[in-house]
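Let me begin by presenting the structure, written as structure tokens, before commenting on it.
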Amino acid sequence: MQPIRLYINIDHVATLREARQADEPDPIAAAIHCESAGADGITVHLREDRRHIQDADLPALAKVIGTVLNVELALASDVLERVINVRPYQATLVPERREEITTEGGLDIRQTDPRLPTTLASLQEAGIRTSLFLDPDPEQLHAAAQLGVAAVELHTGAYANSWTHNSAALETLDAAATLSRKLGLAVHAGHGLTYANVEAVARIAAIEELNIGHSVMARAMMVGMETAVREMVALVKGARSV
Ligand code: PXP
């Protein structure tokens, strides 16, 4: 089975910092701890409302990270310029609404927003690998394949909300991952994954990257960042090795 990568989303380190408009906790230090504990990459979302990660965090992260940086962004021009300036390894396009608590659904790319192909072209011209955050819906995946992106990130929220009583969402994810591979897309997944529910997703062979944030940050408050990340690395890689 192909190996699986775990990228840790450290947005909520910055959420806590911004709650006090202070200089701690420091997301840059958090990223270093995540890497020391075995994370394969660091993910941050530069939101239009800058509620957590700030502009200055991006170049600072790009400078210290020894693995890879994945930046999530919406189709908003000032953010795009900032992402292109730091040239992360990967950019993941996500939908964004100011009133949402977190990213609530995948992008809807069936009717192409004219900003989507131009944003993708700008990122690709800068040498940045592109991924689209999508619901595990065949129509969306076929549309993604037409857009020439390297990868799709499957939204695991429906699975995370129903896994205790229903396996349908896991089957939907599995089918979407297999279809994406057939369409020539690399398959990532994330949102709402926790220590309790991650293994079934990690066992889906077509998935090569997971992005996990909230659950790991919550656990880090109790046991420390490196222990929390190590525990998640063990679950994700352990599930893949059986
Ligand atoms: N993937 C994407 C595209 C996201 O927007 C988020 C949330 O920031 C995540 C993964 C991680 O979700 P969670 O914080 O629930 O692990």
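The values are calculated or read from the model by the stated rules, or taken from the named source; none is laboratory data. Small disclaimer: the values here were computed from a predicted structure and weren't measured. Heads up, the Cβs are rebuilt from the backbone with ideal geometry, glycines too, and the neighbour counts pull from every protein chain shown.
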### Query
Can you tell me which residues in the stretch 96-126 are crowded, with 16+ Cβ neighbours inside 10 Å and within 21 Å of residue 189 (Cα to Cα)?
96, 103, 105, 106, 107, 109, 116, 120, 123
### Query
Looking at the stretch 1-33, which of its residues are in a helix (DSSP H, G or I) and either touching a residue at least 40 places away in the same chain (Cβ under 8 Å) or within 12 Å of the ligand (Cβ to nearest atom) (or both)?
11, 12, 13, 14, 15, 30, 33
### Task
Look through the stretch 168-222, keep the residues that are among the polar types (S, T, N, Q) and within 13 Å of the ligand (Cβ to nearest atom), and return whichever of them is surrounded by the most Cβ atoms within 10 Å (Cβ to Cβ).
211
### Query
Out of 24, 99, which single residue is charged (D, E, K, R) and closer than 26 Å to residue 220 by Cβ?
24
#### Entry: Selection from the stretch 34-60 of residues that are assigned to a loop (DSSP other than H, G, I, E, B) and either among the hydrophobic types (A, V, I, L, M, F, W, C) or on the phi > 0 side of the Ramachandran plot (or both)
37, 38, 39, 46, 50, 53, 56
## Note on the structure
Those residues of the stretch 91-122 that are modelled with pLDDT under 85, within 23 Å of residue 42 (Cα to Cα) and either among the hydroxyl-bearing types (Ser, Thr, Tyr) or not in a loop (DSSP other than H, G, I, E, B) (or both) come to a total of 2
### Query
Could you say whether any residue in the stretch 52-75 is farther than 22 Å from residue 130 by Cβ and under 17 Å from the mean Cα position of the chain (by Cα)?
yes
### Message
If I go through the stretch 61-85 residue by residue, how many of them are in a loop (DSSP other than H, G, I, E, B) and closer than 16 Å to residue 96 by Cβ?
### Response
3
#### Entry: Which listed residue is among the hydrophobic types (A, V, I, L, M, F, W, C), over 16 Å from the mean Cα position of the chain (by Cα) and within 30 Å of residue 227 (Cβ to Cβ), from 176, 145, 200
200
